[in-house]
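The values are calculated or read from the model by the stated rules, or taken from the named source; none is laboratory data. Small disclaimer: the values here were computed from a predicted structure and weren't measured. Note that we place each Cβ from the backbone using ideal geometry, even for glycine, and neighbour counts take in every protein chain shown. When the accessible area is computed, the model is the full protein with side chains, heavy atoms only, and any ligands, DNA or RNA have been set aside. Shrake-Rupley method; radii C 1.70, N 1.55, O 1.52, S 1.80 Å.
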Amino acid sequence: MNKMTLAVTAAAAVVYAVLIASIPFRIKKIDRKKGALLMQLKSEPPFRNIAVLVIAALLIGIVPFRNFALYLGLIFDATALLATWMSVKEIASSGRNGVFENMIISETTAICYDDILSLPTVSYENDEETTQVDFRILEVIPKKGRKIQLIFPDETTRNTALEFILKQCPRLKG
């Protein structure tokens with residue numbers, strides 16, 4: 001067993017544990033910010049995410065027992081940690097999907113209305129020159145970061161959620 005591989009795997013295990021331990025704190029942070037529920041959105045049970053966490057732990061655990069080159073061990077550990085981070089985000093918002101007084105939560109995205117710069121789809125979706133608009137998607141431009149796409153199960157759900165959002169934050173009407 002290579003000492004460098006063991007050190008990298010130990011570091012990955014520590015990061016994995018920290019990510020898992022952060023779940024209750026992420027949940028409390030979301031619950032503290034969200035406000036009252038205005039509209040419930042469909043939530044998937046977190047079974048898939050729990051399975052990903054188990055597989056990620058196995059992937060991190062197997063690296064030191066195989067004779068992988070250091071770069072392969074790094075790739076496996078990084079992949080496991082990325083999958084863990086994504087699953088932790090989904091688990092934290094699982095069962096909380098909805099439009100709230102202060103934010104919208106949809107799958108892995110939880111964004112406060114104060115952090116939204118604009119909703120570009122609102123301004124161009126009803127324009128006659130615009131074609132091929134998927135009316136299940138709501139694009140969000142945050143004040144920091146990249147464009148976010150919130151995907152709803154159908155157009156009616158999206159329009160209802162959009163009404164609630166615009167009622168809570170009228171400046172986004174475009």
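For the range 21-38, indicate whether the set of residues that are open to solvent by less than 60 Å² (accessible area, probe 1.4 Å), free of Cβ contacts under 8 Å to residues at least 60 places away in the same chain and more than 30 Å from PHE164 (Cα to Cα) is non-empty. Scanning the range 21-38, I find at least one residue that is open to solvent by less than 60 Å² (accessible area, probe 1.4 Å), free of Cβ contacts under 8 Å to residues at least 60 places away in the same chain and more than 30 Å from PHE164 (Cα to Cα), so the answer is yes.
Conditions (1) in a helix (DSSP H, G or I); (2) more than 19 Å from the chain's Cα centre (by Cα); (3) over 26 Å from THR157 (Cα atoms), marked per residue:
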residue: ALA12; (1), (2), (3): yes, yes, yes
residue: PHE25; (1), (2), (3): yes, no, yes
residue: LYS28; (1), (2), (3): yes, no, yes
residue: LYS33; (1), (2), (3): yes, no, no
residue: PRO45; (1), (2), (3): no, no, no
residue: ILE50; (1), (2), (3): yes, no, yes
residue: LEU53; (1), (2), (3): yes, no, yes
residue: LEU58; (1), (2), (3): yes, yes, yes
residue: PRO64; (1), (2), (3): yes, yes, yes
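Of all residues in the range 41-66, those that are open to solvent by 60 Å² or more (accessible area, probe 1.4 Å) and either in contact with a helix residue (DSSP H, G or I) (Cβ under 9 Å, 6 or more places away or on another chain) or modelled with pLDDT of 90 or more (or both) total 10. Within the range 150-165, the set of residues being surrounded by fewer than 16 Cβ atoms within 10 Å (Cβ to Cβ) and in contact with a helix residue (DSSP H, G or I) (Cβ under 9 Å, 6 or more places away or on another chain) comprises ILE151 only. The C-beta contact set for the range 132-148 (first residue without any contact (Cβ under 8 Å) to a residue 24 or more places away in the chain, second residue surrounded by 13 or more Cβ atoms within 10 Å (Cβ to Cβ) and aromatic (Phe, Trp, Tyr), distance under 9 angstrom, 6+ apart or interchain) comprises ARG136/PHE152; ILE137/PHE152.
Looking at LEU81, LEU74, which is the one that is open to solvent by less than 50 Å² (accessible area, probe 1.4 Å), part of a helix (DSSP H, G or I) and under 30 Å from ILE62 (Cα atoms)? After applying the criteria, what remains is LEU81. Residue-level check: of (1) open to solvent by 30 Å² or more (accessible area, probe 1.4 Å); (2) closer than 18 Å to PRO153 by Cβ; (3) under 13 Å from the mean Cα position of the chain (by Cα), ILE105 misses just (1).
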